[in-house]
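Take a look at the structure set out below.
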Amino acid sequence: MVNTVARRDGGTAVPEAAPDAPTPGGARRWLSLGVRVLVIAAIAVGMVWSLISQWPQVRSTWQGLAWQAVVLSVLAALAGMVANTMAWRAAAADLEHRVSVPAALRICLVGQLGKYIPGSVWAYVLQVELSKRAGLPRARAFLATLVTLGLGVTAALGLGLLSLPSLREAAAGADDTYAESVRVALWIVAVLFPVALVCAVPRVLTALIQVALRVLRRPRLAHQLTWLGVLRVVGWSAVGYGLFGVHLWLLANAQAAPGVEGLLRCVGSFAIAMTVGMFAFLSPSGLGVREAVLVATLAPFLPGAGGVGAAIGIALASRLIFTIADVLAAGLAALSAARELRRGGVPATSGTAG
């Protein structure tokens, strides 16, 4: 039974639950806990499967890598993840919400573990949920993720131009190991890049966001997105993809000496590979698709070290290192959250609600 109590200020009456009415809060908490346990278990299974399934193929390459190259490669991958987090934070700021750096790191670095669950959307779902817990409305968190994803694709495809010569050669080749996947990647680049450039114009991007807010039944943005905000997101995303390319180049440099040309091609190919991997919806973190593009770029630099075989080993070693970096990044972010809680906590976000 529900009673209503008139407010003293003459406003609308508000409902008051009867003392003996059942409260659904306990059931919701248990359901929420169960969902979180299932998500964590799915992520753990996905990561373990990723490691175990690739180890037999990558073992010989891994054993041939100098520990210095592995450590520097992990650090480059971690730095790239932090740069991508800053891109997300810049997008949230241009959407009228300022998120503290520690909160943004927790949202993005812990949230990205969702990519180990088959289905590309889980990382973004987890990020939105973590954003809500940090005080950012789900609608704005979702839009910040979409803006970062879209402008990140623009930055990645721009950097991808550095590797087009080697990818075109690979697509024209007769090696079925990667030729067909590279052709698909080139078609995706050709179609997406012009669209991405148009959508990156603040006026166009703002109009798309207003449509999304209308669909979500949320208040419209009070202002148009700015060139400065867009350039910040694109700039941080470019830094992130550049560092990911350095991570790959460090591994290749341990097997051969690709030089400056190899560095530029590693940066471009990794950016394209990660972008194309997003379209492998049923593959955890783009498994298989990403490697084909990387192999096509690396193989010409490794003729004396095993050619395609060595390139496959390096591409798989790269994925293993990314898994290690994901765990380290999420662990450090979670540790910072625990420290913040012990200190009493600080506001994670500020700005207008959406």
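The values are calculated or read from the model by the stated rules, or taken from the named source; none is laboratory data. Please read these numbers as outputs of a predicted model, since none were measured by experiment. No Cβ is skipped: glycine too gets one built from the backbone with ideal geometry, and neighbour counts run over all protein chains shown. Calculation scope for accessible area: heavy atoms of the full protein, side chains included, ligands and nucleic acids excluded. Shrake-Rupley method; radii C 1.70, N 1.55, O 1.52, S 1.80 Å.
Residues that are in contact with a Phe, Trp or Tyr (Cβ under 6 Å, 6 or more places away or on another chain) and either modelled with pLDDT of 85 or more or open to solvent by less than 70 Å² (accessible area, probe 1.4 Å) (or both) occur in region 199-209; there is at least one. Pairing residues of region 128-153 that are in a helix (DSSP H, G or I) with residues that are surrounded by fewer than 19 Cβ atoms within 10 Å (Cβ to Cβ) and aromatic (Phe, Trp, Tyr), at Cβ distances under 9 Å and at least 6 apart in sequence or on separate chains, gives VAL153/PHE193.
Here PRO219 passes the criteria (1) in contact (Cβ under 8 Å) with a residue 24 or more places away in the chain; (2) open to solvent by 50 Å² or more (accessible area, probe 1.4 Å); (3) within 18 Å of VAL195 (Cα to Cα) except the one numbered (3). For region 63-83, the criterion of being surrounded by fewer than 21 Cβ atoms within 10 Å (Cβ to Cβ), in contact with a strand residue (DSSP E or B) (Cβ under 6 Å, 6 or more places away or on another chain) and modelled with pLDDT of 85 or more is met by none of the residues.
Filtering region 101-115 for residues that are closer than 26 Å to CYS266 by Cβ, part of a helix (DSSP H, G or I) and of a type in the set (Lys, Arg) leaves a non-empty set. A search for C-beta distances below 6 Å between a residue of region 92-103 that is open to solvent by less than 40 Å² (accessible area, probe 1.4 Å) and any residue that is part of a loop (DSSP other than H, G, I, E, B), counting only pairs 6+ apart in sequence or on different chains, returns ASP94/LEU225; GLU96/THR352; HIS97/LEU136; SER100/ALA348; ALA103/ALA134; ALA103/ALA348. Identify, please: which residue in region 226-254 is of a type in the set (A, V, I, L, M) and buried (at least 24 other Cβ atoms within 10 Å of the Cβ) and is, among those, farthest from the chain's Cα centre (by Cα)? Of everything passing the filter in region 226-254, ALA252 is farthest from the chain's Cα centre (by Cα).
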